[in-house]
Structure formats: C-alpha cells, structure tokens
Amino acid sequence: MAKIRIWWAKYRPTTRKLVQLAAALLQNANLKGFAEGKIYTGQTKAVCVPGLNCYSCPAAVGACPLGALQNALSVSAQRPAFYVIGLIALFGLLLGRMICGWLCPFGWIQELLYKAPGPKIRKSRVTRALSWIKYGVLAVFAVILPLWYGITKFPMPAFCKYICPAGTLEGAAGLLIHPANAGLRSMLGELFSLKAAILVLTVTACVFVYRAFCRFICPLGAVYSLFSRIALAGVRVEASVCSGCGACVRTCRMDVLRVGDRECIHCGECVSVCPEKAISIRAGKLVLKGPETGERRRPDTKIA
Ligand code: SF4
Ligand code: SF4
C-alpha cells in the first residue's frame with residue numbers, strides 16, 4: 001500500500017495534464033474520422049480552435065488558427081482577414097501563451113515525447129538564441145509568403161505546405177494510413193518526403209529537448225507571446241514578496257529570463273517551487289492556481 005501511495009504521489013496526473021488531455025479530445029472529438037479516413041466538414045470547422053491542431057486531422061472539429069491565418073492572408077486582397085486576426089487577438093488577449101501550456105494538442109504531444117528515456121538537453125544561451133527563430137518563421141512562412149502568393153493569385157498557406165509537422169502527423173498521416181486512401185499514397189512526392197523528414201526531425205528533437213518545436217519554430221507560439229504582458233490570464237509574481245532567489249527560472253524548462261516573459265507558457269510548474277509563495281496563475285483577480293490552491297510539489301521536482 002505504501003508503495004502504491006509513493007507511486008501515485010510521483011505519477012498522478014496534475015490538473016494541467018488533465019486539462020491538456022481534455023482540450024486535445026475536445027478539439028479532436030470526431031474520433032470516428034480515423035475509422036472513416038475522412039476529414040470532418042461540419043459547421044464547427046468554420047471556427048478556429050485556440051491551439052495548433054491541423055484542420056486536416058480526421059478527428060479535428062475546428063480549424064487551426066495558423067492555417068486559417070495563412071489562408072485568410074492569401075486572399076486578403078479580395079477579402080480582409082479581419083475575422084481570423086480578430087479571433088487570434090481575442091485568444092491572445094484572454095489567455096496569451098497559457099494556450100501553449102494548457103490547451104495546445106501539439107504542445108501536449110511534445111511533452112509526452114519528452115517523457116521517452118534518453119539524455120535531455122537543458123536550456124542554455126544557445127536555446128534562448130534559437131527561441132528567436134520562430135519569429136522569423138512567423139514573418140516569412142505565415143505572413144509574407146501567404147501575402148505574396150495571394151498578390152500573385154496563387155493562394156498558399158506556406159507554413160502548412162512546407163513545414164508544419166503537426167499537419168504531417170495529424171493530417172497527412174491520419175488520412176494516409178486508412179486503406180480507402182490508397183490513391184492518396186500513390187500521389188506522394190518530394191514535398192511529402194521533405195515534410196516527413198521535418199516530422200522525424202521534430203519528433204527526435206522533442207525526445208531530447210523539452211518542447212523543441214514550441215520553443216524554436218512554432219509561429220502560433222510567437223503570435224501568442226506578443227500578448228504575454230497584457231493577457232487577462234497568466235502566471236503572476238507578487239513583486240513585494242519575491243526575494244529574487246531565482247528558483248523559478250532555474251526550475252523552468254522553457255527559455256524564460258523571468259516568470260511570465262515571452263517564452264513562459266504559464267504552465268504554473270514554478271508555483272510549487274517558490275519558497276516565498278510569490279507565484280500564482282490568475283485570471284484578473286481570480287486565483288486559478290497558487291500556493292494555497294496548487295498541487296504540492298512532486299517528490300522528483302528538483303529546485304536548482
Ligand atoms: S522562486 Fe519565488 S522568490 Fe524566488 S525569484 Fe522566483 S518568484 Fe521570486
Ligand atoms: S516560468 Fe513558470 S509558468 Fe512560465 S513556463 Fe516556466 S515553469 Fe511554467
């Protein structure tokens with residue numbers, strides 16, 4: 001019995017893990033799509049979900065905001081992209097990068113991959129420098145190229161087409177494994193080989209580096225990071241209580257320089273390591289997770 005209790009204390013799912021699972025299932029509620037080998041085309045597909053979740057995943061019941069943004073920019077000469085930009089801004093203003101830490105299905109998949117055994121590469125100045133790449137990917141592949149192709153009358157979601165490993169995993173692979181889609185498999189070419197290679201690279205990197213895609217490449221994370229300082233909900237530090245010990249930043253696996261900055265995904269895992277109980281997750285004045293409401297620190301969580 002004592003062994004079970006120790007095991008449970010170590011491995012019980014946290015509230016965040018349960019929310020991540022629920023969010024992934026809600027955004028992919030059409031599970032029968034995998035059995036049918038078809039994309040869901042119901043009315044909810046017109047609405048964007050908050051996290052990176054491929055529109056072409058057979059289980060997806062909503063649209064990916066990043067794919068929707070690229071498509072909308074591609075045709076913005078004919079129809080301004082107000083709806084998609086407004087919706088992404090609303091998500092950002094309400095939740096910011098809490099979406100990355102709590103609601104993004106691909107972020108959750110990356111955390112599961114990191115649980116695989118193997119050496120782990122910790123954050124450093126190099127990973128902090130690499131974290132700027134995602135802003136370049138956002139600018140070039142999610143904004144400039146879609147706008148450019150739109151002007152030349154060839155609408156194209158460039159990030160989805162050339163890079164997105166979530167699309168390859170959830171969308172392409174989800175459809176291609178179905179026997180009814182043998183015709184699709186025969187049409188695969190060099191572009192699919194490139195995207196499959198990017199997916200393999202991403203999966204491998206995520207085994208060794210915590211949330212490698214999220215930290216270095218994801219343009220949606222780059223967009224939401226712009227709202228870090230103004231989002232309604234997120235992690236907060238009580239400055240008058242903080243002693244500046246730095247335990248929070250040392251414990252965090254993201255490339256943060258301080259709690260709540262552009263790289264913080266507001267996961268709240270630093271709440272339990274703060275010796276001064278200065279950290280909480282809040283939505284306005286409401287405390288969602290704090291020293292008094294949060295889970296106790298797990299026995300295996302080290303304070304550096
Ligand atoms: S762990 Fe707490 S006291 Fe230490 S720097 Fe972070 S917020 Fe401040
Ligand atoms: S600073 Fe805290 S809340 Fe932000 S990502 Fe790191 S552990 Fe999570």
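Rule-based calculations on the coordinates, nothing more; no lab input. Everything quoted here is computed from the prediction, not taken from an experiment. For neighbour counting, all protein chains shown are included, and Cβ atoms are generated from backbone atoms with ideal geometry for every residue, glycine included.
Determine the distance separating the Cα centre of the stretch 205-265 from the Cα centre of the stretch 31-65; give it in Å without decimals. Cα centroid to Cα centroid, the span is 29 Å. Along the axis of the charge dipole computed for the chain (Cβ charges of +1 for Lys and Arg, -1 for Asp and Glu, origin at the Cα centre), the listed residues Ala233, Gly136, Phe82 are led at the positive end by Ala233. Here's the list of lysines a cross-link from Lys285 could span, going by alpha-carbon distance under 22 Å and ignoring same-chain residues fewer than 8 apart: Lys277. If the segment from Phe192 to Trp7 were pulled out straight at 0.36 nm per residue, it would be longer than the present Cα-Cα gap by 62.3 nm. Taking Phe154, Phe91, Phe213 in turn, the Gaussian network model of the chain (Cα-Cα springs below 10 Å) assigns the largest fluctuation to Phe154. Across the chain, Cα pairs under 8 Å and at least six residues apart give a relative contact order of 21 percent. Of the candidates Arg258, Arg229, Arg125, which one comes out as most mobile in a Gaussian network treatment of the chain with C-alpha springs shorter than 10 Å? Fluctuation is largest for Arg125. On a 0 to 90° scale, report how tilted helix 65-74 is relative to the longest principal axis of the chain, with both axes built from alpha carbons and the result rounded to the nearest 10. The answer is roughly 40 degrees. Summing +1 for each Lys or Arg and -1 for each Asp or Glu among the other residues whose beta-carbon sits under 12 angstrom from that of Tyr210 gives +3. Against the main long axis of the alpha-carbon atoms of the chain, helix 82-95 sits at an angle near 10°.
Shape class for the stretch 233-289, computed from the alpha carbon gyration tensor (a ≥ b ≥ c): oblate, with a/c not under 1.5 and a/b at or below b/c.
Counting only lysines at least 8 places from Lys134 when in the same chain, those with an alpha carbon closer than 26 Å to its own are Lys17, Lys115, Lys120, Lys123, Lys161, Lys195.
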